[in-house]
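Values in this text are rule-based calculations from the coordinates and carry no lab data. On a predicted model such as this, the values are computed, not experimentally measured, just so you know. FYI the Cβ positions are ideal-geometry reconstructions off the backbone, even for glycines, and counts take in every protein chain you see.
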Amino acid sequence: MGKQPVRMKVVVYALSPFQQKVMMGLWKDLPTKIHHKISENWLSAFLLISPLLATYTYAQNYKEKEKLAHRY
């Protein structure tokens, strides 16, 4: 009982270089999509954005204090 080779069919997907509207679905109604995602997941968005905003604010405040430190 040996193994017999089996022919496999190959399916190849490709985009036509003449297709002009490949990414149209991505940009269509983008503000609406973003608003929908944020309104559905507002807690996750808040928990993601708050530490980033806090870190940025802290860094800006520290840099400003460092610039003014020589005046005192």
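The table below gives the values:
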read-out	value
For the chain: rounded, prolate or oblate by the Cα gyration tensor [a/c cutoff 1.5]	prolate
The chain: trypsin sites (Lys or Arg not before Pro) in DSSP loop, at most 10 other beta carbons within 10 Å	LYS3, ARG7, LYS9, LYS21, LYS28
Charge-dipole axis of the chain as Lys and Arg at +1 and Asp and Glu at -1 on Cβ define it, positive-most pick from LEU47, ILE34, PHE18	PHE18
Rounded to 10°, Cα long-axis angle of helix 42-68 versus longest principal axis of the chain	40 degrees
Label-zone membership for segment 33-53, site LYS63, 7 angstrom Cα→C-beta point, backbone N under 14 Å	none
Table column - 3J(HN,Hα) (Hz), segment 31-38, Karplus curve with 6.51, -1.76, 1.60, x for Gly and Pro	x, 5, 5, 5, 4, 5, 5, 6
